[in-house]
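Trainee: One structure, as structure tokens, below. Some questions next.
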Amino acid sequence: ATIEWLEKQPWCNGSVGITGQSYLGLASWAAMREQVPALKAVAPIMAATDIHNIFHGRQSGAAHVELLFRWTYLVIHLMSKPLGMVQAIFTFFCGTGQALKNAYMHSPLNEADTKFLVPTLS
């Protein structure tokens, strides 16, 4: 819907290009699947092409729980406050946030996201 909206704007020549890094790069890949005629260029940056293998192990098939929690924390907190992006990126790479530590230790895992990563949703 966004690409179609852009295409109809008076300042657009009818050709739309998108780019994004990491998660937004994944969104760029996903936009290609829609095959919107106005989408002429896609340039994902540092975006995975096989999310399943990243999150579920390249050979073991076991879920990378720590990576899933870190990724969730990063995406949710990127813009949550003025320095949310800096804090979220630091927490993602260092894994030192207490919320993440609590989430890693919580059982059952299907409650860990709402209890520790986004407690305001529970």
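Read the figures in this text as sums done on the coordinates, not as results from a lab. Computed from a predicted structure; not experimentally measured. Don't worry about glycine lacking a Cβ; one is built from the backbone with ideal geometry, like all the others, and counts go over all protein chains shown.
Trainee: Between W5 and V36, what length comes free when the chain is fully extended (0.36 nm per residue of separation minus the Cα-Cα distance, one decimal in nm)?
Mentor: So the extension gain works out to 10.0 nm.
Trainee: Would you grab the residues whose amide H sits under 5 Å from the one on T19? Only those 5+ places off in sequence or on another chain, please, with H modelled 1.01 Å from N.
Mentor: A43
Trainee: Stretched out fully, how many nm does the piece from L24 to A62 gain, at 0.36 nm a residue minus the Cα gap?
Mentor: On the way: separation 38, 0.36 × 38 = 13.68 nm, distance 2.55 nm.
Difference between extended and current length: 11.1 nm.
Trainee: Now for a separate question. Would you work out the relative contact order for the stretch 1-79, in percent, from Cα pairs under 8 angstrom that are 6 or more residues apart?
Mentor: With pairs under 8 Å counted, the relative contact order is 24 percent.
Trainee: Can you pull the one-decimal nm distance between simple spin-label points at A43 and C12, each 7 Å off the Cα toward Cβ?
Mentor: Distance between label points: 1.8 nm.
Trainee: Just to check I understand the Karplus step: with θ = phi - 60° and J = 6.51 cos²θ - 1.76 cosθ + 1.60, what whole-Hz values come out for the stretch 11-28, glycine and proline as x?
Mentor: 8, 9, 8, x, 10, 10, x, 9, 8, x, 10, 6, 4, 5, x, 4, 5, 5
Trainee: If amide H atoms are built 1.01 Å from N in the plane of the peptide, which residues on other chains or at least 5 residues away come under 5 Å of the amide H of H64?
Mentor: H56, G57
Trainee: For A47, which sequence-distant residues (separation of 5 or more, or a different chain) have an amide H within less than 5 Å of its own amide H, given hydrogens modelled in the peptide plane?
Mentor: S22
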